[in-house]
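Novice: What follows is a single structure, and I will ask about it in a moment.
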């Protein structure tokens, strides 16, 4: 289990992590979300002992990571795909890590096969594509067969097949009872992968909840209508006191109303429509709404203070 208790990190006058507290539990994939500069990578670095907290604690199974005698056997992490020396082969990169943590050579072959790099194990890392380096980083994280795993932007450089592979891998690891924390900017992927979400902004906790509950709490459903007469439709809906917006593809979105009621108005005004259907907001829409609300609150606090 990962525990963050009143974690604080300051760089001069800049506060990167602001008294953050959360718990990442085993048996599920926890998505770690936040806009650029929110403090996600800094938090992960403090969990791994790469950055020293200005205050608070970052614990894994109740103790700091630095106290681990064989850390790769307890925690696997992917923070940067370029961590391997370009002059080393994939095999020898993993061999060096294995020797430092008393991991048998047989495990190197296993993880190379698992991530799809067995055929290029003897090639130098400097000739690898971004996707191949990413797979090698994942292999290093899995090398010690650890119960706790941290992944920072694991799908970077992966093609669609690779993205599906890492999604299935993370869910499989969680199903085995491991603790999996993953940071990603791909909201559509997090919606498919994460069971639970920890959302931060400006180093502060905004949400710590299940993925479905997060979307329901931070979004508004709507009725989507496709029509060759969008202006007439908007006028009819607005006249009935219904809020409307135009979607990114030109469809009309009607809020605070049911699909049957929209259908009744369409029929009454003899409008031509091609589609009417209820829609729920996406994880990305819910995330953006929460972050925008947090930004508005900070602006109000500054103005009132």
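Novice: Got a number for residues in segment 159-177 being crowded, with 19+ Cβ neighbours inside 10 Å and out of contact with any helix residue (DSSP H, G or I) (no Cβ under 9 Å at 6 or more places or on another chain)?
Specialist: Number of matching residues: 1.
One line per residue, one yes/no per condition, for (1) in contact (Cβ under 8 Å) with a residue 40 or more places away in the chain; (2) on the phi > 0 side of the Ramachandran plot:
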| position | (1), (2) |
| --- | --- |
| 31 | yes, no |
| 35 | yes, no |
| 49 | no, yes |
| 68 | no, no |
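Novice: Can you tell which of 62, 82 is under 26 Å from the mean Cα position of the chain (by Cα), at positive phi and surrounded by fewer than 15 Cβ atoms within 10 Å (Cβ to Cβ)?
Specialist: 62
Novice: Which condition number does residue 293 fail, the rest of (1) touching a helix residue (DSSP H, G or I) at 6+ places or on another chain (Cβ under 9 Å); (2) closer than 25 Å to residue 42 by Cβ; (3) not in a strand (DSSP E or B) being met?
Specialist: Unmet condition: (1).
Novice: Being within 18 Å of residue 43 (Cα to Cα) and touching a strand residue (DSSP E or B) at 6+ places or on another chain (Cβ under 6 Å) is the filter here; which residues of segment 79-97 pass it?
Specialist: Once the filter is applied, which keeps residues that are within 18 Å of residue 43 (Cα to Cα) and touching a strand residue (DSSP E or B) at 6+ places or on another chain (Cβ under 6 Å), segment 79-97 yields only 79.
Novice: For residues that are closer than 21 Å to residue 121 by Cα and in contact with a strand residue (DSSP E or B) (Cβ under 9 Å, 6 or more places away or on another chain), tally how many sit in segment 69-78.
Specialist: 3
Novice: If you scan segment 154-173, which residues turn out to be free of Cβ contacts under 8 Å to residues at least 12 places away in the same chain and part of a loop (DSSP other than H, G, I, E, B)?
Specialist: Once the filter is applied, which keeps residues that are free of Cβ contacts under 8 Å to residues at least 12 places away in the same chain and part of a loop (DSSP other than H, G, I, E, B), segment 154-173 yields nothing.
Novice: Of the numbered conditions (1) out of contact with any strand residue (DSSP E or B) (no Cβ under 8 Å at 6 or more places or on another chain); (2) buried (at least 19 other Cβ atoms within 10 Å of the Cβ); (3) under 28 Å from residue 96 (Cα atoms), residue 180 fails exactly one; give the number of that condition.
Specialist: Among (1) out of contact with any strand residue (DSSP E or B) (no Cβ under 8 Å at 6 or more places or on another chain); (2) buried (at least 19 other Cβ atoms within 10 Å of the Cβ); (3) under 28 Å from residue 96 (Cα atoms), residue 180 violates only (1).
Novice: Report, by residue number, each residue of segment 188-206 that is touching a strand residue (DSSP E or B) at 6+ places or on another chain (Cβ under 8 Å) and farther than 22 Å from residue 56 by Cβ. I'd like the intermediate steps shown before the answer.
Specialist: Kept after step one, since they are touching a strand residue (DSSP E or B) at 6+ places or on another chain (Cβ under 8 Å), are these residues of segment 188-206: 190, 193-200, 202-206.
Across segment 188-206, the qualifying residues are 190, 193, 194, 195.
Novice: Restricting attention to segment 98-141, report how many residues are assigned to a helix (DSSP H, G or I), exposed (fewer than 14 other Cβ atoms within 10 Å of the Cβ) and in contact with a strand residue (DSSP E or B) (Cβ under 6 Å, 6 or more places away or on another chain).
Specialist: Number of matching residues: 0.
Novice: So, in segment 257-292, of the ones that are free of Cβ contacts under 8 Å to residues at least 24 places away in the same chain and within 27 Å of residue 209 (Cβ to Cβ), which residue ends up surrounded by the most Cβ atoms within 10 Å (Cβ to Cβ)?
Specialist: Looking at the filtered set, the residue picked out is 288.
Novice: Considering segment 187-209 alone, what residues qualify as being surrounded by 16 or more Cβ atoms within 10 Å (Cβ to Cβ) and within 30 Å of residue 115 (Cβ to Cβ)?
Specialist: Those that are surrounded by 16 or more Cβ atoms within 10 Å (Cβ to Cβ) and within 30 Å of residue 115 (Cβ to Cβ): 187, 189, 190, 191, 193, 194, 195, 196, 197, 198, 199, 200.
Read the figures in this text as sums done on the coordinates, not as results from a lab. These numbers come from a predicted model, not from an experiment. Ideal geometry is used to build each Cβ from the backbone, glycine not excepted, and the neighbour counts take in all protein chains shown.
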